[in-house]
Amino acid sequence: MISFSRISKQYGRQVLFVDTSFQLNPGDKVGLVGPNGAGKTTLFRMIVGEEAPDEGDVSVPKKLTIGYFRQDVEEMSGRSVLDEAIAGSGRVGDLHHELEALNAAMADPERADDMDTILARFGEVQEEYEHLGGYALESQAREVLHGLGFDDERIDGDVGALSGGWKMRVAMARVLLGRPDVLLMDEPTNHLDIESIIWLEDFLKSTTGSLLMTSHDRDFMNRTVSKIAEIDGGEITTYTGNYDFYERERAIRDTNKEAAYARQQAMLAKEQRFIDRFKAQAAKAAQVQSRIKALDKIEKVEPPKKRRVVEFDFHQPARSGEQVAVIVDVHKSYGKRQIYEGLNLTIRRGERWSVMGRNGAGKTTLLRMVAGALAPDSGEIRLGASLKMGYFAQQALDLLNPDLTVWTQIEQDYPHESTGVLRTLLGAFQFSGDDVDKRIRALSGGEKTRLVLARMLLDPPNFLVLDEPTNHLDLATKEMLVHALKDFEGTMLFVSHDRSFLRGLSSRVLELGGESGTDAQPHAYPGSYVEYVERTGHEAPGVHA
């Protein structure tokens, strides 16, 4: 059991925890929630001993094994993906690599004089390795890596050649392979596609150890945790239930707290009126003093903290032609790998196409071709009349000017808009107060995403092409975005791994890879994502519910 006993922690003027307690019991699966800067990462760092509370105690049993998946990944190179995953899998991973080194030593003629020592050590290591189930480790590693979206070619390839997002998956595989007693996971779904998220849900549900995680994915949280620990105002409050239960329970508690606060304020006002009325009358002096003393002793009820979600009324775009995009006999391959063989698709005004498919199926390729950022090998993509396209991809974050502040960037983009409109827009995307004065180079990935979307949606195009627009967005911003786009009268083509986004917005589904995830021809479903799941029995190609 990990316990926090009456801890306090602050950085300068920023107070994170005030005399608060919390415990993580064996087998608990807990979602950690709270506003940005509330102290979620600090809590993780205190568990692994990287930080200490200013006051109070953090108790972690010495023999407890802890796996910590975090967003910053160290440099990886010089190994295959498989070996890198195994390397971080705790004691059995260390033994695996020692056996490899000993095998190499036994084959080295220059080490002949040390052979007795090498053989003796080999026997010791092999015995412990076998006892810990090490000979099943490689197959387990491949199973975990497959679940996280790697194919065999990539598993056996150089880890150093991977992008940052794929290295994050390797780091996650290392943590999961270690089968620790306690898993700490900081935003594990950020770099995963929907297929890998569903696999990870099943993996975490099947583990017997404890789990403490943060996530901005409502569905993932609902399916994985059975408790919510909320950090807010220096306190940690635990709710027994999933995220939906927490939201309902929190609303009830806030309503009750608001009512208690209102009752107490009414009582205090009544008492104050009595004191003000009779304080000058000698006959009532004793009563007045008695009431003043009573008021001083009353424990004041604090009003509930309001979660401020700014709504923004986005403009409606100009009307486009009936046919927005017509894809005719498109072929596209990368080397020997054929992505599209004669793709035909017509996207009509007002349709909202979600593109589903496993890694490598061609989701981003399709969006880039439609957006004109990539040419097909053959075939044609015709865009309709009166079309204004807005294309969001992760690369769009690089188009921001790093030397500008959030405010100067948006003011530069829309010089004729009023200050009030621009401040409301930024507020809807969670930029308020001093946040608007941050330089763009200092923004996190999520903050940059919010700024790019805000710039795009103030004067919205009539054809939105969105590649993973919810990456790094917190729940409040995602829900605001879904709410705003529900009333969008233009056309959409998008890829998303967020099921609340898919459920809320799609009216058509293009499934790449079919039910097996490997079929050559895409399948177009005329209904919404909800209808697609009901009809196919799975939430993503090749992944059965």
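The values are calculated or read from the model by the stated rules, or taken from the named source; none is laboratory data. Everything numeric in this text was worked out from a predicted model, so none of it was measured. Don't worry about glycine lacking a Cβ; one is built from the backbone with ideal geometry, like all the others, and counts go over all protein chains shown.
Summary table
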| quantity | calculated |
| --- | --- |
| Looking only at region 520-544, and only at residues there that are at pLDDT 85 or above and of a type in the set (Gly, Ala, Ser), the one that is surrounded by the most Cβ atoms within 10 Å (Cβ to Cβ) | Ser528 |
| Filter result (crowded, with 20+ Cβ neighbours inside 10 Å and in a strand (DSSP E or B)) within region 231-252 | Ile231, Ile236, Tyr239 |
| Some residue of region 461-476 being assigned to a loop (DSSP other than H, G, I, E, B), more than 18 Å from the chain's Cα centre (by Cα) and modelled with pLDDT of 90 or more | yes |
| Residue within region 292-305 that is within 29 Å of Ser8 (Cβ to Cβ), without any contact (Cβ under 8 Å) to a residue 12 or more places away in the chain and not basic (Lys, Arg) present | yes |
| Subset of region 157-205 [of a type in the set (Ser, Thr, Tyr) and in a helix (DSSP H, G or I)] | Ser196 |
| Residues (polar (S, T, N, Q), assigned to a loop (DSSP other than H, G, I, E, B) and at pLDDT below 90) located in region 370-419 | Asn401 |
| Test result for Ala393, farther than 23 Å from Asp193 by Cα and either among the polar types (S, T, N, Q) or not assigned by TED's automatic domain parsing to the domain that holds Phe220 (or both) | no |
| Test for Gly93: is it surrounded by fewer than 19 Cβ atoms within 10 Å (Cβ to Cβ), in contact with a Gly (Cβ under 9 Å, 6 or more places away or on another chain), of a type outside the set (Asp, Glu) and in contact (Cβ under 8 Å) with a residue 60 or more places away in the chain | no |
| Given (1) in a loop (DSSP other than H, G, I, E, B); (2) touching a residue at least 40 places away in the same chain (Cβ under 8 Å), number of the condition Phe431 does not satisfy | (2) |
| Selected residue (only one of Glu84, Glu110, Glu74, Glu50 is acidic (Asp, Glu), surrounded by 12 or more Cβ atoms within 10 Å (Cβ to Cβ) and out of contact with any Asp or Glu (no Cβ under 7 Å at 6 or more places or on another chain)) | Glu84 |
| Single condition Gln126 does not satisfy, out of (1) in contact with a helix residue (DSSP H, G or I) (Cβ under 8 Å, 6 or more places away or on another chain); (2) of a type outside the set (Gly, Ala, Ser); (3) without any contact (Cβ under 8 Å) to a residue 12 or more places away in the chain | (3) |
| Among (1) over 25 Å from Gly446 (Cα atoms); (2) surrounded by fewer than 13 Cβ atoms within 10 Å (Cβ to Cβ); (3) under 29 Å from the mean Cα position of the chain (by Cα); (4) not assigned by TED's automatic domain parsing to the domain that holds Leu204, the one test that Asn36 misses | (1) |
| Of the criteria (1) more than 24 Å from Asp72 (Cα to Cα); (2) free of Cβ contacts under 8 Å to residues at least 24 places away in the same chain, which one Ala161 fails | (1) |
| Wholly enclosed helices (runs of 4 or more DSSP H) of region 24-113 bearing at least 2 residues under 25 Å from Leu132 (Cα atoms) | 81-87, 91-106 |
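Condition check ((1) outside the structural domain of Val495 (by TED's automatic domain parsing); (2) part of a strand (DSSP E or B); (3) within 17 Å of Leu464 (Cα to Cα)) across all residues:
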position	(1), (2), (3)
His315	yes, no, yes
Ser320	yes, no, yes
Ala325	yes, yes, yes
Ser333	yes, yes, no
Gln338	yes, yes, no
Gly360	no, no, no
Thr364	no, no, yes
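Per-residue answers, yes or no, for (1) crowded, with 22+ Cβ neighbours inside 10 Å; (2) more than 13 Å from the chain's Cα centre (by Cα):
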residue: Gly160; (1), (2): no, yes
residue: Leu176; (1), (2): yes, yes
residue: Pro180; (1), (2): no, yes
residue: His191; (1), (2): yes, no
residue: Ile194; (1), (2): yes, no
residue: Phe203; (1), (2): no, yes
residue: Leu212; (1), (2): yes, yes
residue: Ile228; (1), (2): yes, yes
